[in-house]
Amino acid sequence: MAAHCSECGASVTEGSQYCQRCGSFIGSEPDGATGAWKVGETGELEAVSAGTDSDGSFLVVRSGGGRAGESFHLEDGRQTIGRSPQSSVFLDDITVSRDHAVLVERAGQWWIDDCGSLNGTYVNRQRIDSQVLSDGDEVQVGKYRLAFLNK
């Protein structure tokens, strides 16, 4: 039986977690804690540091594009997210708009604003136009799922 995307109705390949047409998440949420792992020298799984030992706010890639564990330090009060190489958070994939979203610090809190992207911006699986971010929120931009961390 073929699976279909709940957002656009396209047929999707069995076992896919994202729609090939619109990039919407269609897989099931994995059990347990989220983290980045690598295979160590002994063949055992080892936790990978997300590079967030310093204070501040970060976006950490949870999945998508083979970049799990990569982090982006949010500073200077404004960060852009998109497929444009000039973006502060550069996500090079067709499911990401050139100027997809912007993160803006307002009154000590980080807000994410969608910039009219084709596939939308999601926070905790809800499509948003503008929303304040809280520690641990999941941000989805195209096929990328990122965790917002505020230390």
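Some notes on this structure:
- The residues of region 111-151 present an accessible area of 45 Å² per residue when probed at 1.4 Å with all protein chains retained.
- Per-residue surface analysis assigns Phe72 an accessible area of about 30 Å², computed on protein heavy atoms at 1.4 Å probe radius.
- A full extension of the chain between Phe90 and His73 corresponds to an added length of 4.9 nm, given 0.36 nm per residue minus the alpha carbon distance.
- Only the Cβ atoms of Lys and Arg (+1) and of Asp and Glu (-1) were treated as charged; on that basis the dipole of region 55-148 about its Cα centre amounts to roughly 360 debye.
- Theoretical FRET efficiency, 1/(1+(r/R0)^6), r = Cβ-Cβ of Asp113 and Ala10, R0 41 Å, to 0.05: 0.90
- Taking the convex hull of Cα positions in region 77-151, its mean projected area over all directions (nm²): 4.5
The values are calculated or read from the model by the stated rules, or taken from the named source; none is laboratory data. What you see is a predicted model; the values in this text were computed from it and never measured. So basically every Cβ, Gly included, is an ideal-geometry build from the backbone, and we count neighbours across all protein chains shown. Accessible surface is based on the protein model in full, side chains and every heavy atom, while ligands, DNA and RNA are left aside. Shrake-Rupley method; radii C 1.70, N 1.55, O 1.52, S 1.80 Å.
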